Amino acid sequence: MPTLDARVAEILANPRFAGLVHRLAGGFLAVQNLAPRLASQFSSQQRCLISHATLGAYFRGLRNGKAGLTRRDVVDLALAHGLSSRNTAAASFAEALHYGIIQPVRRDSARGELVEPAAATLWGLSEWYRLHLAVIDGLDGGSRAPRMQADGAALVADLEPAVADRFLACPLIRTPPATYAVFASVDEGGNLMDRLIAGLDITTADHEDRALTDVTSVSALARPFNISRTHTGRILAAAIEIGAIGWSGQPGRSRLWLSRAFRGDYARFQAAKLAIIDEAFRETTDAPIPSLATAIVAASAMAEGWGSPAP
């Protein structure tokens, strides 16, 4: 079995990857448009990892006859994995309950009130997996996404514990590069990052050190995510300060560009997720899927574009 680093390198070297990861960013935005509250739970690195740790524990519990999780379970998970403070984890739980992302099941006399993912949350998680599996299929000609479409909840229940464990153990997922982290460390930052990537002209981006997006206004960038112009401007300013992005002309009145380093870091992060999800898929389904290596071109393909090392 190849190491995670080797699998990530294979994915980045695939000539189809740039187009597929661009499409993946657009898919994330489509889910955000349909389920904005749910997408918000996954839009920062901290919230995303707490959510995956919780979902992984929930599905693992179901296998062992344990229905639902309590607030204390969620807080203990966050603390055990070093994801947040007790207060932050409790606030995340309360927000998820308030917005119907999780819902009460029943009260256990020993454990307290039990909750489970709402039906809309399970749909969103299934769609999130389908998007990633479709990219992997696009790389090697497999048929994972149709299986997710057909098996849905049952396949998610098998996949999520394995994926959550791998995410929590992966250094790149836990501590992404600075150009990625400047977005992922704040609420809605992940959604903004996906919007910037989706706004690239993929036919020319690979050849540019500073690839232009179609984003020309801070207000227009913020509007679909129901966040303030001030919050959005603060995130962009932090990214501009480290050279990840910039304005091609007058700030707020010209097109934003994305640096090659930022695009490369985004690509590597997505490739790590894809490698982890594919490994978990193979483990849980024992599916006879061709190796990505059969679809890889020479390693020199990594010398430019999405897969190139950050300068």
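Take segment 250-267 and flag every residue that is of a type outside the set (A, V, I, L, M, F, W, C) and not in a loop (DSSP other than H, G, I, E, B). Answer for segment 250-267, where residues must be of a type outside the set (A, V, I, L, M, F, W, C) and not in a loop (DSSP other than H, G, I, E, B): Ser259, Arg260, Arg263, Gly264, Asp265, Tyr266. The single condition among (1) farther than 20 Å from Arg268 by Cβ; (2) at pLDDT below 95 that Arg130 does not satisfy is (2).
Could you list all residues from segment 78-133 that are among the hydroxyl-bearing types (Ser, Thr, Tyr) and not in a helix (DSSP H, G or I)? Once the filter is applied, which keeps residues that are among the hydroxyl-bearing types (Ser, Thr, Tyr) and not in a helix (DSSP H, G or I), segment 78-133 yields Ser84, Ser85, Tyr99, Ser109. Of all the residues in segment 287-311, those that are farther than 15 Å from Ala18 by Cα and either at pLDDT 50 or above or outside any helix (DSSP H, G or I) (or both) number 8.
Residues checked against (1) surrounded by 22 or more Cβ atoms within 10 Å (Cβ to Cβ); (2) assigned to a loop (DSSP other than H, G, I, E, B); (3) among the basic types (Lys, Arg); (4) in contact with a Cys (Cβ under 9 Å, 6 or more places away or on another chain):
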{"position": "Arg7", "(1), (2), (3), (4)": "no, no, yes, no"}
{"position": "Leu38", "(1), (2), (3), (4)": "yes, no, no, no"}
{"position": "Gln46", "(1), (2), (3), (4)": "no, no, no, no"}
{"position": "His52", "(1), (2), (3), (4)": "yes, no, no, no"}
{"position": "Arg60", "(1), (2), (3), (4)": "no, no, yes, no"}
{"position": "Asp76", "(1), (2), (3), (4)": "no, no, no, no"}
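The set of residues in segment 12-23 being touching an Asp or Glu at 6+ places or on another chain (Cβ under 9 Å) and more than 24 Å from Asp214 (Cα to Cα) consists of Asn14 alone. Which one is farthest from Val182 (Cα to Cα) among residues in segment 211-249 that are small (Gly, Ala, Ser), over 22 Å from the mean Cα position of the chain (by Cα) and in a loop (DSSP other than H, G, I, E, B)? So the residue we want is Gly249.
Number of residues in segment 103-113 that are of a type in the set (A, V, I, L, M, F, W, C) and either at pLDDT 95 or above or surrounded by fewer than 13 Cβ atoms within 10 Å (Cβ to Cβ) (or both) equals 1. Pairs linking a residue in segment 3-31 that is under 20 Å from Thr204 (Cβ atoms) to a residue that is of a type in the set (Asp, Glu), with Cβ atoms under 7 Å and 6 or more positions apart or on different chains, are Ala18/Asp206; Ala25/Asp194. For segment 251-286, filtering for residues that are within 21 Å of Leu200 (Cα to Cα) and at pLDDT below 95 leaves 3. For Leu139, the criteria (1) assigned to a helix (DSSP H, G or I); (2) closer than 30 Å to Arg234 by Cα hold in every case but one, which is (2). Going through (1) touching a strand residue (DSSP E or B) at 6+ places or on another chain (Cβ under 6 Å); (2) in contact (Cβ under 8 Å) with a residue 24 or more places away in the chain; (3) more than 23 Å from Arg23 (Cα to Cα) one by one, Leu196 falls short only on (3). Looking across Gly82, Gly56, one residue alone is modelled with pLDDT of 95 or more, farther than 19 Å from Trp123 by Cα and among the small types (Gly, Ala, Ser). It is Gly82.
The values are calculated or read from the model by the stated rules, or taken from the named source; none is laboratory data. Keep in mind it's a predicted model, so treat the numbers as computed, not measured. All Cβ positions, glycine included, derive from the backbone under ideal geometry; neighbour counts span all protein chains shown.
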